[in-house]
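Structure, as structure tokens:
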């Protein structure tokens, strides 16, 4: 597959078209109906949650949030294929993969409400917190890959970044180290066409982002990231390659950020309605839904019925997160060091003395 | 006991930890086959194999960034920055991840890693090879920054650093890599990080120094002795955390304090130590805390470096001035 879709051939890998029709039978993955239906429901749930978070933000109940809207097939495919003991190294637009790994929606809510506790994943093993500085998490993925190989563990690492992230030195360094070390790392670049307002053509003169893999001597492929089946097949194949000791792999997943960069951003300033409509026709959820309906696995009636249930469940978890309570003063100090310096302990005591004084003044 | 210089002592510490702990990995630019440009890691690749001691692509951010990944995945990487002046590409990884991962994940993830690097001037080096920028790193929450001044301390402190579950920046005063030899305990021992050491008891003035500056102060103390001035010398050993207690106790006794540091003066380590002296011993002070430091200039190339560096005369000049204040 990686030979057939060598990035030098400039062909994007896809399996279904915009109407959900299989156009590439050869590479259509084998997924049984029940499993596929569950995957679709998970995607639907993640999309519903994502849209709902944006509305919570508009209501002033959550702070800045970077929506996943339009890109859900990528993280979903990774989420289905990543195993409990594999490593996930997210950027910050991979909700589906994080949920699949065992991160709870409540934890995601807590994080965006302003609690670090939202990154202390209670159930998700081998999952790094979201990483805000662009592409800086990719060297971590390479390093984890080294540790996995060194310890002879049967694990793969999936690391994420965005299109603009490929302009960062850390993208280059991570790919280069991983290539030299031949470690089991799958780098997935979500090319959602924009780094905030800057279009991908202003990030690079390369024909694609996948083509950059050639220079690092690693396998690369450009995939229609809005085609769930293509993403699934690509990651499935990449996992196999990595487990055979032939990693790393670079996947460029071509998609479109239908939402804003974050809730503080206004995309009408830098992209046109026409463009948005063009991409709307390629929406990943629509395409998978069309496929399922065509196969008589799903109906619009079912969807109309299930969405309110999801909304209720999301709202329940959100309300629970809202009751999380005050942020203890000691928590800003106590996690910084395994062995806390005396001076820092004294700074904490100083702050607590002040708070005690303040509580006598401010009722 | 065995006679060692600092290079031998650091090598010995790495050898001991590599020998007893499979999770210890040593890597960086030219640390494997060549054994490092200062030969600090010499022989280790031969002994422990290229999987545990190895050369990397020339990319500092990649080195530190991958170490963060290895550390969260259960290894104890000890990475080398070839020179302090080349650490800046890795600055983002240090300040954005290595120092924050524990706090960010509420203690779920730890980054037990050591970043070793030679620093400081006085060796007639090229541009970017002589800086002492410890203050920059001391300002980063979540990081610990230590500097040995003797072979014995270098060995004990490095072993402690490798065993620590925190991220440690281990700065090696390259000017005295081979200049000082002393008897060093054989086998494993460790020196707790964050504790200063009182190298000489005195009554008239406290001098705080670290790294290569300790030896310069010791030379100045000979002049002071001739002038009848009794100097208490503190080797700070740790830039962060700072040992307030040792500084406070000494200044309460002497009433005077001078810091001797190589970095630029403003916002430097000397400023922090002076502030501690003021906070802890205000009513004992008989002179304003004083700083012998680099000027706020770029370290000059070798022909001009002596204008910048601290030497025993500069230090003694200040000792005399402060004692007579």
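Is the range B:123-201 best put as rounded, prolate or oblate by its Cα gyration tensor, with a ≥ b ≥ c the root eigenvalues, rounded for a/c under 1.5, and otherwise prolate when a/b is larger than b/c, oblate when not? Here the range B:123-201 falls in the oblate category.
Can you tell me the FRET efficiency between residue A:313 and residue B:266 if r is taken as the Cβ-Cβ distance and R0 is 45 Å, rounded to the nearest 0.05? Working from the Cβ atoms, E equals 0.20. Taken along the Cα-to-beta-carbon direction at a fixed 7 Å, the label points for residue A:207 and residue A:122 span 5.1 nm.
Contact order, relative form, for chain A: 22 percent (alpha carbon pairs under 8 Å, 6 or more residues apart, mean separation divided by residue count). The sum of -39500 (n - 2.57) across all DSSP H runs of n ≥ 4, divided by the residue count of the protein assembly as shown, sets its helix-only mean residue ellipticity at 222 nm to -12500 deg cm²/dmol.
Label positions at residue B:279 and residue B:195, each projected 7 Å from the Cα along the C-beta direction, are separated by 2.2 nm. As I understand it, the value is the acute angle between the Cα axis of helix A:138-150 and the longest principal axis of the Cα atoms of chain A; what does it come to in degrees, rounded to 10? Tilt relative to chain A: about 80 degrees. Computed from the Cβ-Cβ distance with R0 of 35 Å, the FRET efficiency linking residue A:286 to residue A:327 stands at 0.30. Stokes-Einstein diffusion for the protein assembly as shown at 37 °C, viscosity 0.692 mPa s, with a Kirkwood radius from C-alpha pairs, works out to 119 µm²/s. Please build a GNM for chain A, connecting alpha carbons under 10 Å apart, and tell me which residue among A:333, A:45, A:13 fluctuates the most. In this elastic network of chain A, the residue with the biggest mean-square fluctuation among A:333, A:45, A:13 is A:333. Using only the Cα atoms of the range B:181-311, build the gyration tensor, take square roots of its eigenvalues as a ≥ b ≥ c, and label the shape rounded, prolate or oblate: rounded if a/c is under 1.5, else prolate if a/b is larger than b/c, else oblate. The shape class here is rounded. Relative to the dominant Cα principal axis of chain B, helix B:6-20 is inclined by about 40°. Comparing B:303, B:46, B:225 in a Gaussian network model of chain B, where Cα atoms under 10 Å apart are tied by springs, the biggest mean-square fluctuation is seen for B:303. For the range A:7-322, the square roots a ≥ b ≥ c of the C-alpha gyration tensor eigenvalues yield an a/c under 1.5, which makes the shape rounded.
For residue B:295 and residue B:20, the FRET efficiency from 1/(1 + (r/R0)^6), where r spans their Cβ atoms and R0 equals 45 Å, is about 0.50. Taken along the Cα-to-beta-carbon direction at a fixed 7 Å, the label points for residue A:51 and residue A:300 span 1.4 nm. Highest mobility in the GNM of chain B, judged by mean-square fluctuation with C-alpha springs under 10 Å and restricted to B:19, B:107, B:36, is found for B:107. For the range B:197-323, the relative contact order comes to 30 percent (Cα pairs under 8 Å, sequence separation of at least 6). Axis of helix B:151-163 versus longest Cα principal axis of chain B: the two differ by about 50°, to the nearest ten degrees.
Bear in mind that the values in this text are calculations on the coordinates, not laboratory data. Predicted model, so just to flag it, every value in this text is computed and none were measured. Cβ atoms come from the backbone with ideal geometry, glycine included; neighbour counts cover every protein chain shown.
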